[in-house]
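J.: Just dropping this structure here.
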Amino acid sequence: TNIIAIFVIPYTIYLILNTGMAVASGTKLSVYPSLTEIKTKTPSEIKSKLFVENLSDDPTDLSIQIKLFKAGGSEDGKVEYLDQNDNPNHILDRVKVIKDNSEITELSLGPKQKADLSLKILLSNSDLNRDYYLSIIFITKSKSYQLQNTPDKSVQSSISTINTGVATNVLLSIGPSTANSISIEEFSVPTFIQKGPLGFNIKIQNTGSNYLKPKGTIIITNMFGQTIGKVDLPSENILGDSSRYLSNQSLSTPQPADRLITSKIRDSKVVWPEKFLLGFYKARLTIQASDKEPAVTETINFTAFPFNAAIEFIIAVVLLSIIYRRVKRKMAE
(Lines give C-alpha, C1' and ligand atoms only; values in the text may rest on other atoms or scores of the structure.)
Protein backbone atom coordinates (compact mmCIF):
# COMPACT_ATOMS: atom_id res chain seq x y z
CA THR A 1 0.00 0.00 0.00
CA ASN A 2 1.29 3.38 -0.91
CA ILE A 3 2.10 5.94 1.73
CA ILE A 4 0.51 9.36 1.19
CA ALA A 5 0.98 12.81 2.59
CA ILE A 6 -1.45 15.70 2.60
CA PHE A 7 -0.40 18.99 4.15
CA VAL A 8 -2.29 22.07 5.26
CA ILE A 9 -0.07 24.95 6.28
CA PRO A 10 0.98 27.20 7.99
CA TYR A 11 3.24 24.67 9.55
CA THR A 12 0.84 22.42 11.35
CA ILE A 13 1.60 19.78 8.77
CA TYR A 14 0.26 16.29 8.88
CA LEU A 15 1.72 13.36 7.03
CA ILE A 16 -1.02 10.83 6.34
CA LEU A 17 -0.10 7.33 5.14
CA ASN A 18 -2.56 7.10 0.77
CA THR A 19 -3.15 9.38 -2.39
CA GLY A 20 -1.00 12.40 -3.15
CA MET A 21 -3.51 15.22 -3.45
CA ALA A 22 -4.14 18.41 -1.52
CA VAL A 23 -7.00 20.88 -1.95
CA ALA A 24 -7.51 24.32 -0.43
CA SER A 25 -8.18 27.92 -1.45
CA GLY A 26 -8.98 26.81 -5.00
CA THR A 27 -5.60 25.12 -5.44
CA LYS A 28 -5.53 21.43 -6.23
CA LEU A 29 -2.23 19.61 -6.39
CA SER A 30 -1.34 16.02 -7.02
CA VAL A 31 1.93 14.14 -6.88
CA TYR A 32 2.84 10.73 -8.23
CA PRO A 33 4.11 8.38 -6.97
CA SER A 34 2.99 9.04 -3.40
CA LEU A 35 5.57 6.54 -2.14
CA THR A 36 8.96 5.47 -3.46
CA GLU A 37 10.73 2.51 -1.88
CA ILE A 38 14.45 2.27 -2.57
CA LYS A 39 16.81 -0.50 -1.49
CA THR A 40 20.39 0.06 -2.59
CA LYS A 41 24.07 -0.32 -1.76
CA THR A 42 26.88 2.21 -1.77
CA PRO A 43 28.24 3.85 -3.79
CA SER A 44 25.30 4.59 -6.03
CA GLU A 45 23.47 7.35 -7.87
CA ILE A 46 19.71 6.95 -7.56
CA LYS A 47 17.27 8.54 -9.97
CA SER A 48 13.53 8.20 -9.66
CA LYS A 49 10.73 9.78 -11.69
CA LEU A 50 8.40 12.24 -10.02
CA PHE A 51 5.33 14.04 -11.38
CA VAL A 52 3.58 17.07 -9.88
CA GLU A 53 0.34 18.38 -11.37
CA ASN A 54 -1.70 21.54 -10.85
CA LEU A 55 -5.31 20.37 -11.20
CA SER A 56 -6.83 23.83 -10.75
CA ASP A 57 -7.69 26.52 -13.29
CA ASP A 58 -5.25 29.00 -11.74
CA PRO A 59 -1.44 29.17 -11.96
CA THR A 60 0.47 28.37 -8.81
CA ASP A 61 4.01 28.90 -7.51
CA LEU A 62 5.50 26.20 -5.31
CA SER A 63 8.47 25.98 -3.00
CA ILE A 64 10.14 22.60 -2.52
CA GLN A 65 11.27 21.30 0.85
CA ILE A 66 12.95 18.02 1.74
CA LYS A 67 12.47 16.75 5.28
CA LEU A 68 13.42 13.65 7.21
CA PHE A 69 10.74 12.01 9.28
CA LYS A 70 10.32 9.26 11.84
CA ALA A 71 7.38 7.29 13.19
CA GLY A 72 5.08 9.45 15.33
CA GLY A 73 4.40 8.75 18.97
CA SER A 74 0.71 8.07 18.28
CA GLU A 75 1.64 4.72 16.68
CA ASP A 76 -1.15 5.14 14.14
CA GLY A 77 0.80 5.61 10.92
CA LYS A 78 1.35 9.35 11.34
CA VAL A 79 4.91 10.59 11.41
CA GLU A 80 6.94 13.40 12.92
CA TYR A 81 9.37 15.58 11.00
CA LEU A 82 12.90 15.93 12.25
CA ASP A 83 14.54 19.30 12.76
CA GLN A 84 16.55 20.44 9.75
CA ASN A 85 19.66 20.32 11.93
CA ASP A 86 19.00 16.64 12.57
CA ASN A 87 20.63 15.56 9.33
CA PRO A 88 22.51 12.28 9.86
CA ASN A 89 25.49 11.85 7.53
CA HIS A 90 24.32 15.04 5.74
CA ILE A 91 21.91 12.94 3.73
CA LEU A 92 19.67 15.92 2.97
CA ASP A 93 22.57 17.63 1.21
CA ARG A 94 22.64 14.82 -1.34
CA VAL A 95 18.93 14.59 -2.12
CA LYS A 96 17.97 16.80 -5.06
CA VAL A 97 14.85 17.52 -7.12
CA ILE A 98 15.82 17.80 -10.77
CA LYS A 99 14.03 19.47 -13.68
CA ASP A 100 15.61 19.64 -17.13
CA ASN A 101 18.93 18.40 -15.70
CA SER A 102 19.09 21.21 -13.12
CA GLU A 103 18.40 21.20 -9.39
CA ILE A 104 15.32 23.22 -8.41
CA THR A 105 13.95 24.49 -5.11
CA GLU A 106 10.95 26.27 -6.64
CA LEU A 107 8.40 25.36 -9.29
CA SER A 108 5.77 27.29 -11.23
CA LEU A 109 2.81 25.47 -12.76
CA GLY A 110 0.18 26.86 -15.07
CA PRO A 111 -3.46 25.78 -15.01
CA LYS A 112 -3.77 22.00 -15.52
CA GLN A 113 -0.01 21.76 -16.04
CA LYS A 114 2.07 18.73 -15.04
CA ALA A 115 5.79 18.85 -14.35
CA ASP A 116 8.05 15.87 -15.05
CA LEU A 117 10.74 15.85 -12.37
CA SER A 118 13.37 13.49 -11.06
CA LEU A 119 14.52 12.68 -7.57
CA LYS A 120 18.29 12.29 -7.42
CA ILE A 121 20.22 10.84 -4.48
CA LEU A 122 24.02 10.49 -4.44
CA LEU A 123 25.48 7.91 -2.05
CA SER A 124 29.17 7.34 -1.35
CA ASN A 125 31.15 4.57 0.32
CA SER A 126 31.16 6.57 3.52
CA ASP A 127 27.38 6.32 3.90
CA LEU A 128 26.33 3.99 6.67
CA ASN A 129 24.05 1.03 6.14
CA ARG A 130 20.74 2.27 7.54
CA ASP A 131 17.27 3.55 6.68
CA TYR A 132 16.35 7.13 5.83
CA TYR A 133 12.73 8.29 5.60
CA LEU A 134 12.15 11.43 3.53
CA SER A 135 9.32 13.66 2.36
CA ILE A 136 9.59 15.80 -0.78
CA ILE A 137 7.09 18.59 -0.06
CA PHE A 138 5.63 20.97 -2.62
CA ILE A 139 4.13 24.01 -0.85
CA THR A 140 2.14 26.80 -2.47
CA LYS A 141 3.49 30.28 -1.91
CA SER A 142 1.29 32.83 -0.16
CA LYS A 143 -0.49 35.40 -2.30
CA SER A 144 -2.07 38.67 -1.24
CA TYR A 145 -4.79 40.45 -3.19
CA GLN A 146 -5.77 44.10 -2.79
CA LEU A 147 -9.51 44.77 -2.90
CA GLN A 148 -10.04 47.98 -4.83
CA ASN A 149 -13.85 48.29 -5.01
CA THR A 150 -14.66 48.45 -1.30
CA PRO A 151 -17.79 50.34 -0.09
CA ASP A 152 -15.61 52.73 1.87
CA LYS A 153 -13.12 54.18 -0.61
CA SER A 154 -10.89 55.35 2.23
CA VAL A 155 -10.37 51.81 3.48
CA GLN A 156 -7.89 49.53 1.77
CA SER A 157 -8.78 45.84 2.13
CA SER A 158 -6.77 42.79 1.22
CA ILE A 159 -7.00 39.02 1.43
CA SER A 160 -4.31 36.37 1.61
CA THR A 161 -4.38 32.79 0.46
CA ILE A 162 -3.67 29.85 2.77
CA ASN A 163 -0.61 27.78 1.99
CA THR A 164 -1.34 24.25 0.93
CA GLY A 165 0.87 21.48 -0.24
CA VAL A 166 1.35 17.89 -1.22
CA ALA A 167 4.21 15.47 -0.66
CA THR A 168 5.72 12.28 -1.87
CA ASN A 169 7.49 10.01 0.58
CA VAL A 170 10.71 8.07 0.14
CA LEU A 171 11.76 5.01 2.13
CA LEU A 172 15.49 4.65 1.50
CA SER A 173 17.25 1.56 2.79
CA ILE A 174 21.03 1.41 2.33
CA GLY A 175 23.00 -1.80 2.52
CA PRO A 176 21.90 -5.36 3.19
CA SER A 177 18.74 -5.68 5.26
CA THR A 178 19.24 -6.66 8.86
CA ALA A 179 17.34 -9.57 10.32
CA ASN A 180 13.70 -8.54 10.51
CA SER A 181 12.10 -9.04 13.86
CA ILE A 182 8.52 -8.29 14.85
CA SER A 183 6.40 -8.88 17.91
CA ILE A 184 2.69 -8.59 18.68
CA GLU A 185 2.30 -5.84 21.24
CA GLU A 186 -1.49 -5.98 21.30
CA PHE A 187 -4.11 -8.37 19.98
CA SER A 188 -7.45 -7.90 21.66
CA VAL A 189 -11.23 -7.71 21.40
CA PRO A 190 -13.90 -7.31 24.09
CA THR A 191 -14.22 -10.60 25.96
CA PHE A 192 -17.99 -10.42 25.52
CA ILE A 193 -19.95 -9.04 22.57
CA GLN A 194 -23.57 -9.13 21.48
CA LYS A 195 -23.16 -8.98 17.72
CA GLY A 196 -20.77 -8.27 14.88
CA PRO A 197 -18.99 -6.83 12.98
CA LEU A 198 -16.06 -7.40 15.29
CA GLY A 199 -13.02 -5.10 15.45
CA PHE A 200 -9.64 -6.44 16.55
CA ASN A 201 -7.05 -4.13 18.12
CA ILE A 202 -3.71 -5.12 16.60
CA LYS A 203 -0.42 -3.35 17.31
CA ILE A 204 2.76 -4.70 15.77
CA GLN A 205 6.27 -3.74 16.84
CA ASN A 206 9.12 -3.69 14.35
CA THR A 207 12.21 -4.30 16.47
CA GLY A 208 14.56 -4.23 13.45
CA SER A 209 16.30 -1.18 12.02
CA ASN A 210 14.76 -1.50 8.52
CA TYR A 211 11.19 -0.74 7.53
CA LEU A 212 9.03 -3.72 6.69
CA LYS A 213 5.58 -4.63 5.44
CA PRO A 214 4.46 -7.73 7.35
CA LYS A 215 1.86 -10.21 6.16
CA GLY A 216 -0.64 -11.88 8.43
CA THR A 217 -4.06 -13.38 8.95
CA ILE A 218 -6.60 -13.88 11.69
CA ILE A 219 -8.33 -17.27 11.79
CA ILE A 220 -11.57 -17.47 13.81
CA THR A 221 -12.88 -20.83 15.03
CA ASN A 222 -16.09 -21.67 16.89
CA MET A 223 -16.59 -23.80 20.02
CA PHE A 224 -16.45 -26.98 17.90
CA GLY A 225 -13.05 -26.08 16.45
CA GLN A 226 -14.48 -25.29 13.02
CA THR A 227 -12.93 -22.43 11.05
CA ILE A 228 -15.71 -19.93 10.40
CA GLY A 229 -13.80 -16.79 9.48
CA LYS A 230 -10.54 -15.46 8.06
CA VAL A 231 -9.29 -11.88 7.94
CA ASP A 232 -6.16 -10.88 5.97
CA LEU A 233 -4.21 -8.13 7.66
CA PRO A 234 -3.80 -4.89 5.67
CA SER A 235 -0.42 -4.46 4.03
CA GLU A 236 1.06 -1.45 5.80
CA ASN A 237 4.63 -0.24 6.20
CA ILE A 238 6.05 -0.21 9.72
CA LEU A 239 9.16 1.95 10.05
CA GLY A 240 12.28 0.65 11.76
CA ASP A 241 12.31 0.58 15.58
CA SER A 242 8.65 1.56 15.84
CA SER A 243 5.18 0.19 16.51
CA ARG A 244 1.97 0.62 14.57
CA TYR A 245 -1.70 -0.21 14.96
CA LEU A 246 -3.12 -1.92 11.90
CA SER A 247 -6.50 -1.03 10.43
CA ASN A 248 -8.57 -2.10 7.45
CA GLN A 249 -11.74 -0.07 8.04
CA SER A 250 -13.84 1.81 10.57
CA LEU A 251 -16.57 0.12 12.53
CA SER A 252 -18.81 3.17 12.35
CA THR A 253 -18.09 4.27 8.77
CA PRO A 254 -16.49 1.95 6.20
CA GLN A 255 -13.10 3.31 5.16
CA PRO A 256 -10.45 2.29 2.61
CA ALA A 257 -7.34 0.50 3.82
CA ASP A 258 -4.60 2.51 5.58
CA ARG A 259 -7.02 4.79 7.48
CA LEU A 260 -5.51 5.84 10.74
CA ILE A 261 -6.20 4.99 14.37
CA THR A 262 -6.08 8.17 16.41
CA SER A 263 -6.70 7.39 20.07
CA LYS A 264 -6.54 4.71 22.74
CA ILE A 265 -10.25 4.07 22.24
CA ARG A 266 -9.92 3.39 18.55
CA ASP A 267 -12.76 3.44 16.06
CA SER A 268 -10.63 2.01 13.24
CA LYS A 269 -9.55 -1.58 13.64
CA VAL A 270 -8.97 -4.76 11.71
CA VAL A 271 -12.59 -5.74 11.20
CA TRP A 272 -14.19 -9.13 10.77
CA PRO A 273 -17.50 -8.28 9.02
CA GLU A 274 -19.53 -11.24 10.35
CA LYS A 275 -22.75 -9.86 11.89
CA PHE A 276 -24.45 -12.81 13.61
CA LEU A 277 -22.33 -14.31 16.39
CA LEU A 278 -23.40 -16.79 19.06
CA GLY A 279 -21.25 -18.92 21.35
CA PHE A 280 -17.59 -19.25 22.26
CA TYR A 281 -14.92 -18.27 19.75
CA LYS A 282 -11.16 -18.37 19.38
CA ALA A 283 -9.13 -15.98 17.20
CA ARG A 284 -5.56 -16.81 16.21
CA LEU A 285 -3.32 -14.07 14.80
CA THR A 286 -0.36 -15.17 12.67
CA ILE A 287 2.04 -12.53 11.33
CA GLN A 288 5.34 -12.75 9.46
CA ALA A 289 7.92 -10.05 8.77
CA SER A 290 8.94 -11.73 5.49
CA ASP A 291 8.84 -15.09 3.79
CA LYS A 292 12.27 -15.85 5.25
CA GLU A 293 11.37 -15.03 8.85
CA PRO A 294 9.51 -17.26 11.33
CA ALA A 295 5.87 -16.45 12.00
CA VAL A 296 4.68 -14.97 15.28
CA THR A 297 1.30 -16.07 16.66
CA GLU A 298 -1.09 -15.13 19.45
CA THR A 299 -4.52 -16.49 20.39
CA ILE A 300 -7.43 -14.84 22.20
CA ASN A 301 -10.93 -16.00 23.20
CA PHE A 302 -14.24 -14.17 23.21
CA THR A 303 -17.91 -14.94 23.75
CA ALA A 304 -20.89 -13.71 21.78
CA PHE A 305 -24.51 -13.74 22.88
CA PRO A 306 -27.26 -11.37 21.63
CA PHE A 307 -28.68 -10.40 25.04
CA ASN A 308 -30.74 -7.50 23.73
CA ALA A 309 -32.30 -9.64 21.03
CA ALA A 310 -32.92 -12.42 23.55
CA ILE A 311 -34.62 -10.06 26.01
CA GLU A 312 -36.79 -8.64 23.22
CA PHE A 313 -37.73 -12.17 22.19
CA ILE A 314 -38.62 -13.15 25.79
CA ILE A 315 -40.74 -10.01 26.22
CA ALA A 316 -42.52 -10.74 22.96
CA VAL A 317 -43.21 -14.35 24.04
CA VAL A 318 -44.52 -13.21 27.44
CA LEU A 319 -46.82 -10.60 25.85
CA LEU A 320 -48.14 -13.10 23.32
CA SER A 321 -48.71 -15.60 26.12
CA ILE A 322 -50.70 -13.06 28.18
CA ILE A 323 -52.78 -12.06 25.16
CA TYR A 324 -53.42 -15.71 24.30
CA ARG A 325 -54.59 -16.52 27.85
CA ARG A 326 -56.93 -13.52 27.98
CA VAL A 327 -58.43 -14.36 24.62
CA LYS A 328 -58.84 -18.00 25.64
CA ARG A 329 -60.46 -16.97 28.95
CA LYS A 330 -62.96 -14.68 27.22
CA MET A 331 -63.85 -17.38 24.73
CA ALA A 332 -64.49 -19.79 27.61
CA GLU A 333 -66.91 -17.39 29.37
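The values are calculated or read from the model by the stated rules, or taken from the named source; none is laboratory data. Treat the numbers as computed from the prediction; the structure is a model and nothing was measured. Heads up: the accessible areas ignore ligands, DNA and RNA and are worked out on the full protein's heavy atoms, side chains in. Shrake-Rupley method; radii C 1.70, N 1.55, O 1.52, S 1.80 Å.
J.: With every protein chain kept in the model, how would you rank Asp58, Asp76 by accessible area, 1.4 Å probe, largest at the top?
T.: Output order, biggest surface exposure first: Asp58, Asp76.
J.: Roll a 1.4 Å probe over the protein heavy atoms and report the accessible area of Glu185 in Å², nearest 10.
T.: 80
J.: I would also like to ask the following. I'd like the accessible area for Lys120, computed on protein heavy atoms only with a 1.4 Å probe and all protein chains in place. Round to 10 Å², please.
T.: 60
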